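Here the structure is laid out as structure tokens; the discussion comes afterwards.
The values are calculated or read from the model by the stated rules, or taken from the named source; none is laboratory data. Since the model is a prediction, treat every value here as computed from it, not as a measurement. Here Cβ is always computed from backbone atoms with ideal geometry, including for glycine, and neighbour counts include all displayed protein chains. Just so you know, the surface numbers come from the protein's heavy atoms only, side chains and all, with ligands and any DNA or RNA stripped out. Shrake-Rupley method; radii C 1.70, N 1.55, O 1.52, S 1.80 Å.
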Amino acid sequence: MDILRAPIAQELARWPSFRQAGLTAAEIQAQLVRPPKRDMGDVALGCFVFAKAAGVKPNEVAAKLAAGDVPPDNGAPRLIEGATAAGPYVNFKLNRAACMALVLGAIERSCPGENIEDAPQWNFGAGEEGKGKTLVLDFSSPNIAKPLAVHHLRSTMIGYAIKKMRESQGWRVVGINHLGDWGTGFGKLIAGLKKYFPEVGQRALAGDARPLGDMTVQVLIETYQRFNQELKQHEDLEDAGKREFALLERHIEALMADRAHEAGPEGKANFLIWEHARNISLAEFERVYAHLGISFHLWPVVDLHRKRVLTEEPERFFRENALYIGESYYVTAEDLCRRIIADALELKVAEESEGAMVIYTHGKDKPPIILVKNDGATAYHTRDMAAALYRHRHFNSETLVYVVGGEQRLHFQQLFKGLELLGHAWAGQCAHVDFGLLLFKQPDGKWAKASTRAGRVVMLEDLLDEAVEAVRGIIREKNQDLARDAQQAERVAHAVGVGAVVFNDLKSGRRNDIKFDWDEILNFTGETGPYMLMQFVRMGSVTEKFHEAARLKDWGAHAWKQGDCAQLKRDDEWELVLLLANFPEALRRASADYEPSIVAKALIEVAAQTSSWWTNTKDTRIVGEDAELSKARVRLVNAVRKVLGRGLLLLGMTLVERM
RNA sequence: GUCCCCGUAGCUCAGUUGGAUAGAGCGGCGGUUUCCUAAACCGCAGGUCACAGGUUCGAAUCCUGUCGGGGACGCCA
């Protein structure tokens, strides 16, 4: 409806009955809805607010508006053919050919090119709302020395889709992968590594940049767990962990101040171990992110090159990249942590409590923000505040957005409030984009957080592999043509398998909990990623079919571009065009609400209607004997393909031409 | 215990921000393929919108309460 609503409202504003009622196009547009049943009309106007303003009954207003004459001809094709009052509504019948031409024309203008390679340039539904504004988007954000588990998919893909959607509305989006790479846990890890693998400590002391050799993330986790187990019996290990972390922290601070030589060899050794562990983790992350089609650009802890990156081509850089910025970065960056503590003291918003320095953001009976722990170290609130200040300042952004699970609602409420208390009014525009938990079935049959029956989390990579493998099987079974081309079959299996997982994650509202169920995730029937891709692929293959027919019958190579919408007389074709017209509004809402599922739902409607149309035209075919009809239908096919392709890319899926 | 989120078909979810007779998918049952991809399409069955009040022309939607499920709650991040 979206591309049609504005012109419809403008036309209605010219009707004598509407002018008499003093209604503007904007007021009219706001009341346009779709009637619940098709036979009522194509578009309806609810008269409730007009009636309230005029102090009369909605039914009377509707009757009066519907009774008027049509407006004088102004040369433009008339979109509205007739009006009937139905209770408090006026139902309008639209001029299908004129409306279809409007919608298809808008899609064609905004989506140049027909190849998959052109798809990233398609921008149907683009908006200007964010023009000149920057949004910093914190998403994905795993902890290093831990694997990427299935639950990381949520933040990663919701965040990525939000990035794309906001960009479509004109925003510059700086995506930041806020790595959990700091905290006393890393001191324990270092202590554990030194204890169980003495050669690690020796190599680090000798200045080896790869003191961990070929260790995997799995070994790091096991080391950490083993150390924690032992810690229960030997409490002195706790101190060992804290000591290693303190050495690490001191070294990084010295490094930032260019006084690394003063920090001593032990600190440097810890830094080398930590940095190598981080690199091992990042290499694993990269592999999984590559499956998802996402890449991040690392901002090193001590970075000398970032200015070059930012000054050369910032617009393009941020559109094509997101950044890794570890928590560790903000510990030392510009002394922000210390400045926050100083500000809090100066403004008297902080106070001493139980040996820690805290801010009570929500009254004394709620837990406070802890700025400095009783052992003198900063806490994560402090680092998050420092990160917020840094982002606000360096990326010139009023809007910081965090794609983080709903369990952390309180944390973000406190964070934003804390920033406000420190005088940063822009914190009011920050948003916590929360999402539901990932639940696993427990032995007692109930759904619960965290772990599977076996007590272990499901690795994201395993999930993706499993989905790809399932698709390989389906290809072998159903498309032997494709299976013969091993390379392409593999590409397709990957795109479809990963797409199935991604779409499944994005299709329902982000705040719903996700019940992790292999059977459902690997069931590719119905409203699924493969179904969406299927419709996209079909639209491509029928276009090819047209080109073939056009050669034989001499219709002209791209004759469908001149297709006449008046040929499209079927109700299902009209319905399909209305759904296409709805896409820009869905995208705008999805972007504004940080809600990818709105786009996913809009695409499902388009795909379902497309599939129905496809089947119901089997007798005449989309590309049939009738040249004019075939041209017009393929023109519609092309529009469907572009809207589907555009939407799927926004959701972070990969397009394919066969499957 | 306090605060927050949620409750719509057997299951998973929509419901255009208060409007017309509450819609999809999965699962179940029954059909459809000489034809541009059946990973599809068509039909049937399935509802006291948790419950009880209230607000008004009108409530799945807003308010209050009850019940049920989940989450968070000072030095882990």
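Within the range A:40-52, no residue that is free of Cβ contacts under 8 Å to residues at least 12 places away in the same chain and open to solvent by less than 10 Å² (accessible area, probe 1.4 Å) sits with its Cβ atom under 7 Å from a residue that is more than 6 Å from RNA strand B (Cβ to nearest atom) and of a type in the set (Val, Ile, Thr) at 6+ positions apart or across chains. Residues that are touching a residue at least 24 places away in the same chain (Cβ under 8 Å), within 30 Å of A:THR654 (Cα to Cα) and not β-branched (Val, Ile, Thr) within the range A:236-294 comprise A:ARG278, A:SER281, A:LEU282, A:GLU284, A:PHE285, A:ARG287, A:TYR289, A:HIS291, A:LEU292, A:GLY293, listed in sequence order.
For first residues located in the range A:606-633 and over 16 Å from A:LYS569 (Cα atoms), partners that are assigned to a helix (DSSP H, G or I) and within 7 Å of RNA strand B (Cβ to nearest atom) and lie 6+ apart or on another chain with Cβ distances below 7 Å form the pairs A:ALA607/A:TYR531. Of the helices (runs of 4 or more DSSP H) lying entirely inside the range A:424-518, the ones with 3 or more residues being near RNA strand B (Cβ under 8 Å from one of its atoms) are found at A:460-478, A:486-506. Scanning for something closer than 20 Å to A:LEU636 by Cβ and either open to solvent by less than 70 Å² (accessible area, probe 1.4 Å) or at pLDDT 95 or above (or both), does the range A:58-72 turn up at least one residue? Checking the range A:58-72: not a single residue is closer than 20 Å to A:LEU636 by Cβ and either open to solvent by less than 70 Å² (accessible area, probe 1.4 Å) or at pLDDT 95 or above (or both). Is it the case, given these coordinates, that A:LEU4 is within 14 Å of RNA strand B (Cβ to nearest atom), at pLDDT below 95 and farther than 18 Å from A:LYS52 by Cβ? In short, yes. Filtering A:LEU636, A:LEU629 for residues that are modelled with pLDDT of 95 or more, assigned by TED's automatic domain parsing to the domain that holds A:HIS558 and open to solvent by 30 Å² or more (accessible area, probe 1.4 Å) leaves a single hit, A:LEU629. Scan the range A:193-226 for residues that are open to solvent by less than 30 Å² (accessible area, probe 1.4 Å) and without any contact (Cβ under 8 Å) to a residue 40 or more places away in the chain and the total you get is 2. Pairs are defined by a Cβ separation below 7 Å, a sequence spacing of at least 6 or placement on different chains, a first member in the range A:468-496 that is β-branched (Val, Ile, Thr), and a second member that is open to solvent by 40 Å² or more (accessible area, probe 1.4 Å) and within 9 Å of RNA strand B (Cβ to nearest atom); the pairs so defined are A:VAL492/A:ARG658; A:VAL492/A:MET659; A:VAL496/A:MET659. Of the residues making up the range A:578-606, just one is within 14 Å of A:PHE536 (Cβ to Cβ) and open to solvent by 10 Å² or more (accessible area, probe 1.4 Å), namely A:ILE604. Of all residues in the range A:403-426, those satisfying the criterion of being within 22 Å of the chain's Cα centre (by Cα) and buried (at least 21 other Cβ atoms within 10 Å of the Cβ) are A:VAL403, A:VAL404.
Only a single criterion out of (1) open to solvent by 30 Å² or more (accessible area, probe 1.4 Å); (2) within 19 Å of A:VAL331 (Cβ to Cβ); (3) assigned to a helix (DSSP H, G or I) is not satisfied by A:GLN229, namely (2). Among the conditions (1) within 13 Å of RNA strand B (Cβ to nearest atom); (2) β-branched (Val, Ile, Thr); (3) in the same structural domain as A:LEU231 (by TED's automatic domain parsing), A:ILE158 misses just one, which is (3). The residue of the range A:315-328 that is farthest from the chain's Cα centre (by Cα), among those that are in contact (Cβ under 8 Å) with a residue 40 or more places away in the chain and in a helix (DSSP H, G or I), is A:SER328.
Of all residues in the range A:77-98, those that are without any contact (Cβ under 8 Å) to a residue 24 or more places away in the chain have Cβ atoms under 8 Å from Cβ atoms of residues that are of a type outside the set (Asp, Glu) and near RNA strand B (Cβ under 9 Å from one of its atoms), 6 or more apart or on another chain, in A:ALA83/A:VAL90; A:ALA83/A:ASN91.
Restricting attention to the range A:460-504, the residues that are out of contact with any Leu (no Cβ under 8 Å at 6 or more places or on another chain) and more than 21 Å from A:ASP519 (Cα to Cα) add up to 11. Filtering the range A:165-224 to residues that are in a helix (DSSP H, G or I) and either within 30 Å of A:PHE124 (Cβ to Cβ) or among the aromatic types (Phe, Trp, Tyr) (or both) leaves A:MET165, A:ARG166, A:GLU167, A:SER168, A:PHE186, A:TYR196, A:TYR224.
None of A:THR543, A:THR528 is more than 8 Å from RNA strand B (Cβ to nearest atom), open to solvent by less than 40 Å² (accessible area, probe 1.4 Å) and among the hydroxyl-bearing types (Ser, Thr, Tyr) except A:THR543.
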